[in-house]
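Take a look at the structure set out below.
The values are calculated or read from the model by the stated rules, or taken from the named source; none is laboratory data. Quick caveat, the model's predicted, so the values are computed rather than measured. Neighbour counts are summed over all protein chains in view; Cβ atoms, including those assigned to glycine, are modelled from backbone coordinates with ideal geometry. These area figures cover heavy atoms from the full protein model, side chains too; ligands, DNA and RNA do not enter into them. Shrake-Rupley method; radii C 1.70, N 1.55, O 1.52, S 1.80 Å.
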Amino acid sequence: MNHTQSHDLFTRALELIPGGVNSPVRAFKSVGGEPFFAQRAEGAYLQDVDGNRYIDYVGSWGPMIAGHAHPKVLAAVEKTMRDGLSFGVPNALEVTMAEAITAIVPSCEMVRMVNSGTEATLSAIRVARGATGRNRIVKFEGCYHGHGDSFLVKAGSGVMTLGLPNSPGVPSALADLTMTIAYNDFDAATKLFEEIGGEIAGLIIEPIVGNANCILPRDGYLQHLRELCTKHGALLIFDEVMTGFRVALGGAQQRYGITPDLSTFGKIIGGGMPVGAYGGRRELMAQVAPSGPIYQAGTLSGNPVAMAAGLATLELIQAPGFHEALERTTNVLCDGLEAAARDAGIAFHTTRAPGMFGLYFREGPVETFEDAKGSDSARFNRFFHAMLERGVYLAPSAFEAGFVSSAHGEAEIAATIDAARASFATL
Ligand code: KE4
């Protein structure tokens, strides 16, 4: 493939933007090579500035669940923008969005719109700390909740798994307050709560981990965390920025039948525009300014054009059978990839949930972050580039989930499996 224009753009970008990108994962650092620059996108396809076309399994990292440039989403944006782009005073679409989210996610009796998943999660833990008067937060190794200081923490050594900053600029005084434990480890959670349960403001988790590749909760695990939080007076926070409205209309909390105290959302509810949200029980959310003392604000929060894109997307995913079809497509894709790998004699395993999947160059099962780290990432990187050359764009990291949209039809899945057969043969 010719990448001349992308190379020129990347060369210019490197001079002026850190790493040449406005978000690190886009730089292809973990898979090697240079990123391509998008020109346009439609349905399941991305087209780069050199005219190369790809079947897209990233979908802007989640928002494009109904496919790129969906006519109904574009029409909603076009109609709304003609009345103005931003008012800084309330707008009816913010009420419509709040009604939509609280109707689809019953655990959210109230909701606040923000502009990114990061804003949603850092606001949610502020509510947890403000409402409980406690300071400690529990997160899980391998889970990503955006770049808020309290989340850029890695598991420390020692029993208390004291947090250690995993980025310069995060004060250790703050990192100390974040405890990190292993995902899907029932005993680790029980032990931590027995030791310091009374000090924990909130436990935040990706109910299905989509940032360490894709890892599903073991049977009963989420319920176990629910019970521990209830017993010790800590708030259970489901970070559904990625899983929300994807793995089921009501998200992972609907799929697994768990009621968190707070939830965070993003991606799909913006339909590609910058949107995040956090919500939960009324007695918690009522404490958020200006109805309560816990402060949080944002100039463009609830932006009408972003609301229009998000609402049009929410309408599309409420079509009868939307999520059942998404689940079928995801399974046909993953079954086909596994069959292709088997025929090529390659150790390969997939994990999957409706609309999202994980690819591992190792035998299954993959149930923990340790299991995920056992994947042959060098082999994944070669597979990534072999697929890219054949017109299939996978997430450019062995530690990111892939995404399927309703625009991925039989033709796209068949073409992807054909490309995989050829790519496995080169490994
Ligand atoms: P944003 O601030 O990037 O909108 O959302 C942060 C976030 C929070 N919670 C979860 C579960 C998330 O997956 C994310 C963001 N996801 C990454 C993909 N791994 C976004 C891609 C990127 O960083 O560019």
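Considering (1) without any contact (Cβ under 8 Å) to a residue 40 or more places away in the chain; (2) touching a Ser or Thr at 6+ places or on another chain (Cβ under 6 Å), say which one residue 173 fails and leave the rest.
Of (1) without any contact (Cβ under 8 Å) to a residue 40 or more places away in the chain; (2) touching a Ser or Thr at 6+ places or on another chain (Cβ under 6 Å), only one is false for residue 173: (2).
Going through the range 359-377 one residue at a time, which ones are more than 20 Å from residue 403 (Cβ to Cβ) and not charged (D, E, K, R)?
Selection gives 364, 365, 368, 369, 374.
Tell me the residue from 86, 150, 60, 123 that is under 30 Å from residue 19 (Cβ atoms), hydroxyl-bearing (Ser, Thr, Tyr) and in contact with a Phe, Trp or Tyr (Cβ under 6 Å, 6 or more places away or on another chain), please.
Testing whether each residue is under 30 Å from residue 19 (Cβ atoms), hydroxyl-bearing (Ser, Thr, Tyr) and in contact with a Phe, Trp or Tyr (Cβ under 6 Å, 6 or more places away or on another chain) leaves just 123.
In the range 1-33, how many are open to solvent by 80 Å² or more (accessible area, probe 1.4 Å) and in contact with a helix residue (DSSP H, G or I) (Cβ under 7 Å, 6 or more places away or on another chain)?
Number of matching residues: 2.
Within the range 38-75, can you find the residues that are more than 16 Å from the ligand (Cβ to nearest atom) and either in contact with a Cys (Cβ under 6 Å, 6 or more places away or on another chain) or charged (D, E, K, R) (or both)?
40, 42, 48, 50, 53, 72
Of the conditions (1) within 16 Å of the ligand (Cβ to nearest atom); (2) touching a Gly at 6+ places or on another chain (Cβ under 9 Å); (3) open to solvent by less than 30 Å² (accessible area, probe 1.4 Å), residue 409 clears all except one; give me its number.
Condition not satisfied by residue 409: (1).
Quick one: is residue 10 within 16 Å of the ligand (Cβ to nearest atom) and either aromatic (Phe, Trp, Tyr) or more than 25 Å from residue 375 (Cα to Cα) (or both)?
Taking the combined requirement at face value, the residue does not satisfy it.
Which residue pairs have Cβ atoms closer than 7 Å, lie 6 or more positions apart in sequence or on different chains, and pair a first residue in the range 197-226 that is at positive phi with a second residue that is of a type in the set (A, V, I, L, M)?
Listed pairs, sorted by first residue: 213/372; 213/398; 213/401.
Identify all residues within the range 116-171 that are hydroxyl-bearing (Ser, Thr, Tyr) and modelled with pLDDT of 90 or more; write none if there are none.
Within the range 116-171, 116, 118, 121, 123, 132, 144, 150 qualify.
What strands (runs of 3 or more DSSP E) lie completely within the range 114-230 and have 3 or more residues being within 15 Å of the ligand (Cβ to nearest atom)?
It comes to 136-140, 200-205.
If I ask for residues that are more than 16 Å from the ligand (Cβ to nearest atom) and within 17 Å of residue 391 (Cβ to Cβ), which ones from the range 22-37 would you list?
Result: 33, single match.
Return the residues of the range 340-361 that are open to solvent by 30 Å² or more (accessible area, probe 1.4 Å) and at negative phi; say none if nothing qualifies.
342, 343, 344, 347, 349, 352
Please work out which one of (1) in the same structural domain as residue 118 (by TED's automatic domain parsing); (2) more than 14 Å from residue 355 (Cβ to Cβ); (3) open to solvent by 50 Å² or more (accessible area, probe 1.4 Å) is the condition residue 304 fails and give its number.
Every condition holds for residue 304 apart from (3).
Identify all residues within the range 227-251 that are in contact (Cβ under 8 Å) with a residue 60 or more places away in the chain and over 19 Å from residue 101 (Cβ atoms); write none if there are none.
233, 234
Can you tell me how many residues in the range 231-243 are within 15 Å of the ligand (Cβ to nearest atom), assigned to a loop (DSSP other than H, G, I, E, B) and within 19 Å of residue 285 (Cα to Cα)?
Summing the residues that are within 15 Å of the ligand (Cβ to nearest atom), assigned to a loop (DSSP other than H, G, I, E, B) and within 19 Å of residue 285 (Cα to Cα) in the range 231-243 gives 2.
So how many residues does the range 251-291 have that are open to solvent by 70 Å² or more (accessible area, probe 1.4 Å) and away from the ligand (no atom under 13 Å from the Cβ)?
9
Sort out which residues of the range 379-406 are more than 16 Å from the ligand (Cβ to nearest atom) and touching a strand residue (DSSP E or B) at 6+ places or on another chain (Cβ under 6 Å), and write them in order of number.
Matches in the range 379-406: 391, 392.
Taking the range 1-46 as the region of interest, how many residues are in contact (Cβ under 8 Å) with a residue 12 or more places away in the chain and closer than 28 Å to residue 379 by Cβ?
Result for the range 1-46: 22.
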